[in-house]
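Shown next, in structure tokens, is the structure this report addresses.
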Amino acid sequence: DSYENGEDIKGIEAIELKRQHSKRVLDASKYMAKTMNLPEEDETIAEIIAILHDIGRFEQWKKNRSYVDTERIQHAYLGAQMLQKGWIRYFIPETREYDEIIIKAVKLHRELHLPHELTERERFFCNLIRDADRIDIFYQCTRNKDFDILFEIKEEVEERSLSNAVKLALLKNESISFKEVRNRLDLIG
């Protein structure tokens, strides 16, 4: 709530958009954790990661009035920094046992490729949040009004065709950077 300014309608809508996104990612994470029959402890870790995965977005909006990641402000790294500086204690005050897994998952949830040195458990939670986040991004693609807030379109590409960079990446079976997204279809690619 501290990021909302009652007179800034665009800002209120942008903050609410991310608040709702985090709730939907939480629901997706809960569903996946249940269907995988994870132990209760792992379900809880997945839920904490889901609700915190975009914590950096709020500060990013405050600083840039945009959700577009830049060289200077990457929301995932910003969120990890915020958690490392003590914000994590607001959410799990009683233990430090899971801090590293949570912070790594928040920091890495937007990376194109995960680092090789992750433990199996860290990789599991990173992949879980990446999948839950992507599910909601697909949902967001269906909503016209939200797309412009989330992505800065750099060039005009017809909505019914993939951009050349995305076509090429798909043909090479490569991951697609968000920097290459020009329309909703690219994002789904």
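Taking segment 72-95 as the range and being more than 21 Å from Lys179 (Cα to Cα) and either hydroxyl-bearing (Ser, Thr, Tyr) or loosely packed, with under 10 Cβ neighbours inside 10 Å (or both) as the test, the residues that pass are Lys85, Gly86, Tyr90, Pro93, Glu94, Thr95.
Here Asp69 clears all of (1) modelled with pLDDT of 90 or more; (2) surrounded by 15 or more Cβ atoms within 10 Å (Cβ to Cβ); (3) among the acidic types (Asp, Glu) except the condition numbered (1). Checking each residue in segment 77-105 for being of a type in the set (A, V, I, L, M) and within 15 Å of Asp42 (Cβ to Cβ) picks out Ile92, Ile101, Ile102, Ala105. Once segment 105-147 is narrowed to residues that are of a type in the set (Ser, Thr, Tyr) and surrounded by fewer than 12 Cβ atoms within 10 Å (Cβ to Cβ), the residue that is modelled with the highest pLDDT is Thr119.
The residue that is most open to solvent (accessible area, probe 1.4 Å), counting only those in segment 1-52 that are outside any helix (DSSP H, G or I) and modelled with pLDDT of 85 or more, is Asn37. Evaluating Asn64 against the criteria (1) open to solvent by 40 Å² or more (accessible area, probe 1.4 Å); (2) out of contact with any Ser or Thr (no Cβ under 8 Å at 6 or more places or on another chain) leaves one unmet condition, (2).
The values are calculated or read from the model by the stated rules, or taken from the named source; none is laboratory data. Nothing here was measured: the structure is a model prediction, and the numbers come from that model. We place every Cβ from the backbone using ideal geometry, glycine too, and count neighbours over all the protein chains shown. These accessible areas exclude ligands, DNA and RNA; they are computed on the full protein's heavy atoms, side chains included. Shrake-Rupley method; radii C 1.70, N 1.55, O 1.52, S 1.80 Å.
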